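Have a look at the structure below before the remarks.
The values are calculated or read from the model by the stated rules, or taken from the named source; none is laboratory data. Everything quoted here is computed from the prediction, not taken from an experiment. Virtual Cβ from ideal backbone geometry, glycine too; neighbours counted across all protein chains shown.
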Amino acid sequence: MPAQPASKLDRAGAWANICQRHLSTMSTPDLPYGPRGPRGHRGHRGHRGWLPGGPRRRWLEPFLLLLLASEPAHGYSLLGRLNEFGVAEEVDVGQLYRTLRELEMTGLVRSRWETPAAGAARRKYEISELGLAALEEWAVVMKERARLVSQFLKEYERPGHGRGSTTSDEGGPR
């Protein structure tokens, strides 16, 4: 049986869960920086980077959860796989590891040190049960965002709207 589209209530509930989880991490007293970041900034509240100009690193969370749901991995391996998706072209290694640590502090990801026979110890990351639930919420949000982008592009590409129009008012090519 094909999956039924999520209702507006389902999408709103998933979005509210993601926002609530994010807000709860911003005010948790046992986080190293409390409700403010390391430089005293409060950061954004109540969204996951979907606002115009939102931090690109917010795209990392759903993609990292997706990658870790398929198999545990080391940070550099995750960076390579993000590059394959085209997500990480602007993401530096430090940004990746900060995001992984944030996911770990919120309980979405676990890590453990592995010491290979040769070479330095490396941290291996895996998704938690809470992370799997967050991934499900992200899937609902991503589907809604894809629908909105599709609707925007459909309207944008209609003749007479925006630069997406491919014909002039006289009907010929621009």
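Summary of values
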quantity: Cβ-Cβ under 8 Å pairs, at least 6 apart or on other chains, segment 85-114 side free of Cβ contacts under 8 Å to residues at least 40 places away in the same chain, far side among the acidic types (Asp, Glu) and not in a strand (DSSP E or B); calculated: 110/104; 111/104
quantity: Qualifying residue in segment 66-81 (condition: crowded, with 16+ Cβ neighbours inside 10 Å, assigned to a helix (DSSP H, G or I) and of a type in the set (S, T, N, Q)); calculated: no
quantity: Test for residue 141: is it surrounded by 13 or more Cβ atoms within 10 Å (Cβ to Cβ), in contact with a Lys or Arg (Cβ under 8 Å, 6 or more places away or on another chain), assigned to a helix (DSSP H, G or I) and at pLDDT below 95; calculated: yes
quantity: Residue 123 being assigned to a helix (DSSP H, G or I) and modelled with pLDDT of 95 or more; calculated: no
quantity: Selection count where residues are assigned to a helix (DSSP H, G or I), more than 14 Å from residue 66 (Cβ to Cβ), out of contact with any Lys or Arg (no Cβ under 6 Å at 6 or more places or on another chain) and not charged (D, E, K, R), scope segment 84-99; calculated: 4
